[in-house]
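Accompanying notes for the structure given below.
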Amino acid sequence: MAAMVAEQRELGRLSALAVYRRMAGAGRMERRRRGAPLPAGRKRAKARPRRGRAGGGGSESKAPPPAAPPSRVELPVEVPLEAPVEAPVEAPVDPRPEATAAGPDAKPRGGPKAMPGGPRPAGEDGGGVSGLLRRLARLEDSRQRAAELFRWLLAPVAPAEFLGRHWERAPLLLRRGDPGYYAGLFSTADFDAALQGGEVHFGTHLDVTSYAEGVRETHNPSGRALPAVVWDFYQNGCSLRLLCPQAFSPTVWHFLSILQEQFGSMAGANTYLTPPGTQGFAPHYDDIEAFVLQLEGKKHWRVYRPRTDAEVLPQFSSTNLTQAELGEPVLETVLEAGDLLYFPRGFIHQGDCLPDAHSLHITVSSYQRNSWGDFLEKLLPAALQMALEEDVDYRRGLPMDYLQYMGVANCDTVDARRTAFVEKVQSLIKKLVDYAPIDAAVDQRAKSFLHDCLPPVLTQSEKAQSVYGFPARWQDGGPCNVDILITKDTEVRLLRHGIVRLCNEEAGVMLYYTTENSRVYHKEEPKFLELDPEYTDSIEFLLSSYPNHVSVANLPCETLEEKISLATLLFEKGILTTKKPLAKI
């Protein structure tokens, strides 16, 4: 190592990239990361001495398999940016007055210069994403908040038009002509602040990447991603991918926690910072619906149709592709700050920076493994198990001689026994529908979604009306303000509509919830309360009453004691809020 350092000093400045390539080998290829979950903790909430048990359970999610290494290819022929392509509809500029003009003005150490200026005011809430989130906070219904955020994301295209013409079908390009549209969401200053916090680790949270002369590489050292090392990589032409920015940015966390309720599927994000004149990733397609929000600078994008029917809406992401495999793009454009590019899963894409500007964008993603096929993977085994238990036809033995006339070797044989065998299989499959526990399978999908969810972000008023704002503390030698005094007259409601799900399971009735989830994907195990079956009606009553408050006395439990006990339990888990704070600070 000392000899290598001395050699580098003789040649000039010693860079982090040079050290990495010497230690790891210049030919080291990437195993592309797709947000593999961190190991789940083994925490369980303790049961209270009342009717209701809290716990955590379920198995850990498996990380997706690594992709194959890329191949070396020739550099593509440069295509003029204005070359005619079969492009999707381009929406007009957003005319709304609350759109902002500029972003953060902080400058990260060693990194690219952040956008100058600040957000323009848009009424009393201000502009940009921060003002948007303040406006959304005034909406009582979390479903309405999610719908309005989705509308803002797609503006000026109406959500119904987007879902009818583009969702899972075709890319959408929105040129807004407003560099500050996303102001406050995430910036190079926020990127640097995450590094300065000292909790970013290479590989777990940050990937250092490059793509040149057809070769895709990842240059991750081990350990913490210290600013001096990270920005040195950047200055030497490497792209930086921050995985899970919601773990470091409260604003990204707030943004995604609202949007996930619109999709009914996990909403995730990565941020990408690319130096001028470079490309960080090889062409590939993903297994998610992707919304690219250009935050700073600009980036040249090329998007290509799926090459085969098998690549339309794929279950898994591709390996790195070569330029020779791509064909002609259906869309080629340069995204500038404030613009949006959407493309469905299966659409191949690549982005490179122009020589005169860096690029910072955030990709918001959803709908990973959220297809009809994924649903049937849960439903059909359950249906077959139920059919085996309830219908003797599924338990009858196969014909003794079926091996003689069935199988690939006999597939072209004309035999009445083959016809009868196939018809029997078709009959059993058709009858299987009668045993399919469709609602139970949906609940299991919802249970998985709640485990994926980010925890909710509370407004100041919500915090004051929840357990998170309860003024219990140590004072004058002992705890004070500890008792949670919920009475029959206390008015309560769910914190959010989408934070709970009732599931009837073999072990009993479980209420899964998201309020104790982590901002890091699957860092915590699924959180649930085991409830007595007679509490089911009360949970359904709270769901149907939302967003209105209801008095505890109106909960459909048998006794007042049970009503207060259930309301107190749900309040302590952050699931319920009260109309008025229970105690004054």
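Okay, here's what the table says:
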{"read-out": "Distant-in-sequence amide H partners of L206 (H built 1.01 Å from N, under 5 Å)", "value": "H201, L243"}
{"read-out": "Under 13 Å from the Cα of K580 - aspartates and glutamates, other chains or at least 8 residues apart", "value": "E462, D489, E491"}
{"read-out": "Descending semi-axes in Å of the stretch 374-436, equivalent ellipsoid built from Cα gyration tensor", "value": "26, 14, 10"}
{"read-out": "Length released on extending from T413 to L380, taking residue separation times 0.36 nm less the Cα-Cα span", "value": "8.8 nm"}
{"read-out": "Average Cα contact separation per residue, the stretch 225-316, under 8 Å, 6 or more apart, as relative contact order %", "value": "28 percent"}
{"read-out": "L560/Q315 FRET efficiency (R0 60 Å; Cβ-Cβ; nearest 0.05)", "value": "0.70"}
{"read-out": "Accessible-area order (highest first, 1.4 angstrom probe) of the listed residues W152, W253, W474", "value": "W474, W253, W152"}
{"read-out": "Distant alpha-carbon pairs in the stretch 128-366 (separation over 21 angstrom), percent", "value": "57 percent"}
{"read-out": "Whole-number percent relative contact order across the stretch 440-578, with pairs defined as alpha carbons under 8 Å at least 6 apart", "value": "33 percent"}
{"read-out": "Under 5 Å, built H, 5+ apart or other chain: amide partners of K527", "value": "Y513"}
{"read-out": "Length added when fully stretched, D356-V520, from 0.36 nm per residue minus Cα-Cα", "value": "55.5 nm"}
{"read-out": "Whether the stretch 181-310 is rounded, prolate or oblate, judged on the alpha carbon gyration tensor where a/c under 1.5 counts as rounded", "value": "oblate"}
{"read-out": "Distance in nm between pseudo-label sites at S371 and A147 (7 Å out along the Cβ direction from Cα)", "value": "2.9 nm"}
{"read-out": "For the stretch 406-419, 3J(HN,Hα) per residue [Karplus equation, 6.51 cos²θ - 1.76 cosθ + 1.60, θ = phi - 60°, Hz, x = Gly/Pro]", "value": "10, x, 4, 5, 10, 5, 9, 7, 8, 8, 4, 5, 5, 4"}
{"read-out": "Debye, to nearest 20: dipole size of the stretch 128-366, +1 on Lys, Arg Cβ, -1 on Asp, Glu Cβ", "value": "520 debye"}
{"read-out": "Quarter of Cα convex hull surface for the stretch 138-207, i.e. mean projection, nm²", "value": "7.8 nm²"}
{"read-out": "Vicinal HN-Hα couplings computed from phi for the stretch 531-542 (Karplus, 6.51 cos²θ - 1.76 cosθ + 1.60; Hz; Gly/Pro x)", "value": "10, 5, x, 5, 7, 4, 4, 5, 5, 5, 5, 5"}
{"read-out": "Extension gain (nm, one decimal) between A228 and D439, 0.36 nm per residue minus Cα-Cα", "value": "70.7 nm"}
{"read-out": "Under Karplus coefficients 6.51, -1.76 and 1.60, residue-wise ³J(HN,Hα) of the stretch 572-581 in Hz, glycine/proline x", "value": "5, 8, x, 7, 10, 10, 9, 5, 10, x"}
{"read-out": "Ranked by how many other beta carbons lie within 10 Å on average, peptides 317-324, 501-508 from highest", "value": "317-324, 501-508"}
{"read-out": "Across K378/K431; K447/K573; K488/K579; K488/K573; K378/K430; K488/K527, pairs whose alpha-carbon gap is larger than 23 Å", "value": "K488/K527"}
{"read-out": "Charged-residue dipole, Cβ positions (Lys, Arg, Asp, Glu), the stretch 374-436 about Cα centre, Debye nearest 20", "value": "140 debye"}
{"read-out": "Förster radius 45 Å - calculated FRET efficiency between E161 and V422 (Cβ-Cβ, nearest 0.05)", "value": "0.50"}
{"read-out": "D476 versus E389: modelled label distance in nm, points set 7 Å from Cα along the beta carbon direction", "value": "5.9 nm"}
{"read-out": "Bins of 10 Å, starting at 0 and running to the largest distance - Cα pair percent for the stretch 239-302", "value": "17, 49, 30, 4"}
{"read-out": "Mean Cβ neighbour count within 10 Å, used as a protection proxy, ranking 440-448, 168-176 highest first", "value": "168-176, 440-448"}
{"read-out": "Convex hull of Cα atoms in the stretch 440-578, direction-averaged projection (nm²)", "value": "9.6 nm²"}
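The values are calculated or read from the model by the stated rules, or taken from the named source; none is laboratory data. Worth saying up front: this structure is predicted, and the values here are computed from it rather than measured. Don't worry about glycine lacking a Cβ; one is built from the backbone with ideal geometry, like all the others, and counts go over all protein chains shown. Each accessible area value is taken on the protein alone, full model and side chains, heavy atoms only, with ligands, DNA and RNA left out. Shrake-Rupley method; radii C 1.70, N 1.55, O 1.52, S 1.80 Å.
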